[in-house]
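The values are calculated or read from the model by the stated rules, or taken from the named source; none is laboratory data. Remember, it's a predicted structure, so these values are computed and weren't measured experimentally. Every residue, glycine as well, gets a Cβ built from its backbone with ideal geometry; the counts of neighbours run over all protein chains shown. Side chains included, ligands, DNA and RNA excluded: accessible areas come from the protein's heavy atoms. Shrake-Rupley method; radii C 1.70, N 1.55, O 1.52, S 1.80 Å.
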Amino acid sequence: MAQDDEVFIDTDDINHEAITNMWSFSPTDEETPQIHAADIVEFIGQVIAARRSALAGKDMLFYCWHDAQCRQLRFSLVSRSHGRLPFGCELRETQDMALIAERVVNGDWRIEDPMQAPSEEGDEQEAAPFVLPVFVVAVP
């Protein structure tokens, strides 16, 4: 479904466009052991290939990120004419899908308690600013 779903284009409202085109998923506890980062890379590659074919003649950005709060892999499309991605935080754009796949599979889904309380030492240190890694590629 994610490969063939209709794409919504709204060059006036990046947030509406992004939300309407967004897909997200996370595995069940039973599915998690069978999922590997390489599987995610292959799946996203297939989605991108399908989108490239379906969006011939359109200038869009496909982007994918790990939403740690929801424990989901998310991806969406926005028009390139916006000149940016619809996030309110600092981004680290990458063309290495494996970076995002490793983060979501091995840094989240395979960890029993990903939201552990910080140690007492961690409370004394100043928190590093949040930077969201996002895989981005132009389509078509």
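The value given for the range 53-117 is a Kirkwood hydrodynamic radius of 13.7 Å, derived from the mean inverse Cα-Cα separation.
As a fraction of the 1.4 Å probe accessible area of the chain, surface on carbon and sulfur atoms comes out at 47 percent. Counting only protein chain heavy atoms and rolling a 1.4 Å probe, the accessible areas of 70, 64 rank, largest first, as 70, 64. Taking all protein chains together and rolling a 1.4 Å probe, residue 96 ends up with roughly 80 Å² accessible. Taken per residue, the accessible surface of the chain reaches 61 Å², heavy atoms only and a 1.4 Å probe. Note on residue 112 and residue 34: the model spin-label points, each 7 Å out from Cα along the C-beta direction, lie 2.4 nm apart. P(r) for the range 13-91, from all Cα pairs and a bin width of 5 Å, is 3, 13, 22, 25, 17, 12, 6, 2, 0 %, short bins first.
Note on residue 91 and residue 130: the extension gain reaches 13.2 nm, defined as 0.36 nm multiplied by sequence separation minus the Cα-Cα distance. Taking every DSSP helix (H) stretch of at least 4 residues in the chain, weighting each as -39,500 (n - 2.57) and dividing the sum by the residue count yields a mean residue ellipticity at 222 nm of -8000 deg cm²/dmol. Based on alpha-carbon atoms, the Kirkwood radius and the radius of gyration of the chain give Rg/Rh equal to 1.00.
Model label points for residue 24 and residue 69, set 7 angstrom from Cα along the Cα-to-Cβ axis, are 0.9 nm apart. Post the alpha-carbon centroid distance, the range 85-99 to the range 1-79, in whole angstrom. First find each Cα centre; the distance between them is then 13 Å.
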